[in-house]
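Report on the following structure.
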Ligand SMILES: [Zn+2]
């Protein structure tokens with residue numbers, strides 16, 4: 001965390017969010033990996049060190065699957081965070097776009113549609129503040145099915161966005177896809193534009209930086225894209241309370 005914070009300062013960021021993964025599938029090898037107390041100790045340490053210079057938020061990325069939703073509910077009631085990111089990596093215990101997944105959902109249409117449906121359930125659950133890396137299915141979907149186009153899923157996305165707007169759920173613009181096989185933002189520009197057209201105004205930015213060098217990866221491009229669509233605000237969270245700040249283009 002120390003290196004990430006130092007890097008954030010060097011980049012001129014005002015704040016940084018650490019978002020640890022939490023998994024619930026008992027078959028997942030990392031299911032018991034997350035140690036809340038250790039994580040919060042590390043957060044307290046860097047908050048102390050960077051006090052007055054960098055705002056540091058503590059978040060969690062929930063691997064959402066509908067079948068273990070009750071466990072997520074109990075767990076989140078026990079462990080407080082600044083924000084909860086809901087992310088779909090699996091559907092019905094099948095990792096997106098793996099052979100097993102594609103056996104069940106063999107066409108691109110089915111494979112992507114079932115993914116979006118699960119994201120819809122994550123929003124409906126009321127457990128999350130932010131939809132993380134929407135269109136993550138592209139990561140392996142693009143190598144499988146070729147270039148991604150969101151048009152076949154427009155109606156599904158409209159339904160999802162209408163619910164997000166109704167519940168004031170934030171959409172993350174995640175730049176990790178640009179350095180993965182998807183070679184695009186999660187979500188793509190068209191999808192982000194549809195969110196705006198359906199009344200979505202709440203966005204946040206994530207670089208999914210597993211290494212300090214990836215911190216704020218292509219943020220200026222992400223902010224420019226959002227600005228061009230019409231977004232003028234960015235959502236941040238403190239103890240699950242959302243605050244909206246003006247979106248600023250360019251470097252400080
Ligand atoms: Zn993820």
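The values are calculated or read from the model by the stated rules, or taken from the named source; none is laboratory data. Note that the coordinates shown come from a computational prediction; the quantities given were computed from them, not determined experimentally. A quick note on method: Cβ atoms are made from the backbone with ideal geometry, for glycine too, and the neighbour counts reach across all protein chains shown.
Any idea which of (1) within 16 Å of the ligand (Cβ to nearest atom); (2) surrounded by 14 or more Cβ atoms within 10 Å (Cβ to Cβ) is the one residue 46 doesn't satisfy?
The number of the failed condition is (1).
Which fully enclosed helices (runs of 4 or more DSSP H) of the stretch 106-190 have 2 or more residues being within 16 Å of the ligand (Cβ to nearest atom) and crowded, with 19+ Cβ neighbours inside 10 Å?
Ranges flagged: 108-124, 138-145.
When the residues of the stretch 191-204 are filtered to those that are part of a loop (DSSP other than H, G, I, E, B) and in contact with a strand residue (DSSP E or B) (Cβ under 8 Å, 6 or more places away or on another chain), which remaining residue is farthest from residue 223 (Cα to Cα)?
Step one: filter the stretch 191-204 for residues part of a loop (DSSP other than H, G, I, E, B), giving 198-202.
With the extra rule that they be in contact with a strand residue (DSSP E or B) (Cβ under 8 Å, 6 or more places away or on another chain), the set shrinks to 200-202.
Details: 200: 16, 201: 13, 202: 13 Å.
Only one residue fits best here, namely 200.
Say we look at the stretch 60-79 and pick out the residues that are in contact with a helix residue (DSSP H, G or I) (Cβ under 9 Å, 6 or more places away or on another chain) and more than 16 Å from the ligand (Cβ to nearest atom); which of these is farthest from residue 20 (Cα to Cα)?
66
Looking only at the stretch 1-20, how many residues end up being touching a strand residue (DSSP E or B) at 6+ places or on another chain (Cβ under 8 Å) and surrounded by 16 or more Cβ atoms within 10 Å (Cβ to Cβ)? Even if it seems obvious, please write down each step before you answer.
As a first pass, look at the stretch 1-20 and keep what is touching a strand residue (DSSP E or B) at 6+ places or on another chain (Cβ under 8 Å): 1, 4-5, 8, 14-20.
Add one more test, that the residue is surrounded by 16 or more Cβ atoms within 10 Å (Cβ to Cβ), and what stays is 1, 4-5, 8, 16-20.
Going through the stretch 1-20 one residue at a time, the tally reaches 9.
Among what's in the stretch 81-94 and is closer than 21 Å to residue 171 by Cα and either in a helix (DSSP H, G or I) or touching a residue at least 60 places away in the same chain (Cβ under 8 Å) (or both), pick the residue that is farthest from the ligand (Cβ to nearest atom).
Within the stretch 81-94, the match that is farthest from the ligand (Cβ to nearest atom) is 82.
Tell me which of these residue 51 doesn't satisfy, since it passes every other one: (1) touching a strand residue (DSSP E or B) at 6+ places or on another chain (Cβ under 9 Å); (2) assigned to a loop (DSSP other than H, G, I, E, B); (3) at pLDDT 95 or above.
(1)
Assess whether residue 32 counts as being surrounded by fewer than 19 Cβ atoms within 10 Å (Cβ to Cβ), in a loop (DSSP other than H, G, I, E, B), in contact with a strand residue (DSSP E or B) (Cβ under 8 Å, 6 or more places away or on another chain) and at pLDDT below 95. Steps first, answer last, please.
Working: surrounded by fewer than 19 Cβ atoms within 10 Å (Cβ to Cβ): yes; in a loop (DSSP other than H, G, I, E, B): yes; in contact with a strand residue (DSSP E or B) (Cβ under 8 Å, 6 or more places away or on another chain): no; at pLDDT below 95: yes.
So residue 32 fails the test.
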